[in-house]
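S.K.: Have a look at this one.
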Amino acid sequence: MKAIDLGCGTGEQTAILTEKFEQAFFVGVDTSAEMLRQSNALESDRLHFRQSSTEEVNRSTEKWDLIFSNAALQWSDDHQQLFPGLIQKLHTGGQFAVQMPVQKENLLNKILFELIQESPFEDFLKGWKRASPVLSMDEYAQIFFDQGLEDIQVVQKVYPIIASDYQTLYNFISGSSLIPYLERLEGEQKEFFIRTYQERIAKHFPKLPAIYPFKRLLLYGKKA
């Protein structure tokens with residue numbers, strides 16, 4: 001069994017998958033050299049890592065028995081083109097299993113998207129914003145069906161995050177959706193942006209402890 005983990009990060013999860021699928025040979029790919037440096041100690045006869053992007057995998061001719069991705073494909077654009085391409089990389093009987101946050105429906109993302117369209121932050125960012133590429137459940141179901149997948153499962157699940165303070169909520173998004181915006185800001189502009197965003201979080205969560213219903217899409221299908 002030949003398997004790939006798209007956006008493997010530091011590789012811990014890929015190593016767990018390798019243990020679970022005892023007959024599988026796994027490749028973990030990520031664009032971050034820093035992340036992959038931390039994965040070196042996890043390599044084995046059945047687990048290897050390489051620096052590559054999901055888009056490069058999609059352009060290759062290599063075929064797989066399992067394509068897996070956890071919280072990574074939301075960083076890749078144009079899912080109407082990307083997902084069919086990836087599914088076509090499956091051997092007959094191959095499995096496609098993906099999990100992604102539903103950014104458009106998660107409140108911290110909504111607060112962020114509103115803020116970046118306001119003055120002065122829209123000017124600070126020169127109008128730049130990253131719209132979520134994540135599609136609707138219906139659209140993913142249609143893509144899977146059109147590509148000949150069977151045992152199709154398209155599920156939205158809520159993972160409740162319980163926060164005793166506002167910093168917990170800020171930290172939850174600061175390592176993901178907030179990153180590309182912080183990378184485009186410096187000095188006082190960056191500090192002002194962070195401070196204002198934290199104030200907005202406090203406004204939307206007036207009571208502590210607070211529950212943050214974090215929504216994820218769980219997608220699965222098997223190639224006929």
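Just so it is clear, none of the values below were taken in a lab; they were calculated from the coordinates. If you're wondering where the values come from, they're calculated on a predicted model, not measured in any experiment. Note that each Cβ is placed from the backbone with ideal geometry, even for glycine, and that neighbours are counted across all protein chains shown.
S.K.: What residue among Glu19, Glu183, Glu150 has the largest mean-square fluctuation in a Gaussian network model of the chain, using Cα springs under 10 Å?
M.R.: Glu183
S.K.: So, counting K/R as plus one and D/E as minus one, what does the shell of residues with Cβ under 10 Å around Ala72 add up to?
M.R.: -2
S.K.: Could you tally the net charge around Glu114, taking each other residue with its Cβ under 15 Å from the Cβ of Glu114, Lys/Arg +1 and Asp/Glu -1?
M.R.: Cβ neighbours under 15 Å give a net charge of +2.
S.K.: Find how much the distance from Glu34 to Ala224 grows on full extension, using 0.36 nm per residue of separation minus their present alpha carbon separation; answer in nm with one decimal.
M.R.: 64.6 nm
S.K.: How do the peptides 54-60, 64-70, 218-224 rank, highest first, by the average count of neighbouring beta carbon atoms within 10 Å per residue?
M.R.: Highest mean packing first, the order is 64-70, 218-224, 54-60.
S.K.: Using a 7 Å offset from the Cα along the Cα-to-Cβ direction at both Leu107 and Ile194, what is the distance between the two label points in nm, to one decimal?
M.R.: 2.4
S.K.: Take the alpha-carbon positions of the range 1-124, form their convex hull, and give its projected area averaged over all directions (one quarter of the hull surface) in nm².
M.R.: Working: hull surface 37.5 nm².
For the range 1-124, averaging the hull's shadow over all directions gives 9.4 nm².
S.K.: Could you check the simple spin-label distance between Ser119 and Glu183, using points 7 Å along Cα→Cβ, in nm with one decimal?
M.R.: Result for the modelled spin labels: 2.9 nm.
S.K.: Would you kindly state how much longer the chain becomes between Gln153 and Lys63 on full extension, computed as 0.36 nm times their sequence separation minus their alpha carbon distance, in nm to one decimal?
M.R.: Stretched fully, the Gln153-Lys63 segment lengthens by 30.2 nm.
S.K.: Could you tell me which label, among (1) 19.1; (2) 17.8; (3) 19.5, carries the value of Kirkwood radius over Cα pairs in Å calculated for this structure?
M.R.: Computed from these coordinates, Kirkwood radius over Cα pairs in Å corresponds to label (1).
S.K.: Say the cut-off is 19 Å between C-alpha atoms; which of Lys20/Lys223; Lys126/Lys203; Lys157/Lys222; Lys104/Lys215 go over it?
M.R.: Lys20/Lys223; Lys126/Lys203; Lys157/Lys222
S.K.: Once the dipole of the chain is set up with Lys and Arg at +1 and Asp and Glu at -1 on Cβ about the Cα centre, which of Ile87, Leu169, Gln189 lies farthest towards its positive end?
M.R.: Leu169
S.K.: Next up: Calculate the dipole size of the chain relative to its Cα centre from +1 charges on Lys and Arg beta carbons and -1 charges on Asp and Glu beta carbons; express the result in debye to the nearest 20.
M.R.: 320
S.K.: Considering Cα pairs under 8 angstrom that are at least six residues apart, work out the relative contact order of the range 1-103 and quote it in whole percent.
M.R.: 30
S.K.: Under 15 Å between alpha carbons, and skipping anything fewer than 8 positions from Lys89 in its own chain: which aspartates and glutamates qualify?
M.R.: Qualifying aspartates and glutamates at Cα under 15 Å: Asp5, Glu55, Glu56, Glu62, Asp65, Asp146.
S.K.: Considering Cα pairs under 8 angstrom that are at least six residues apart, work out the relative contact order of the chain and quote it in whole percent.
M.R.: On the way: 369 pairs, mean separation 49.4, N = 224.
Relative contact order of the chain: 22 percent.
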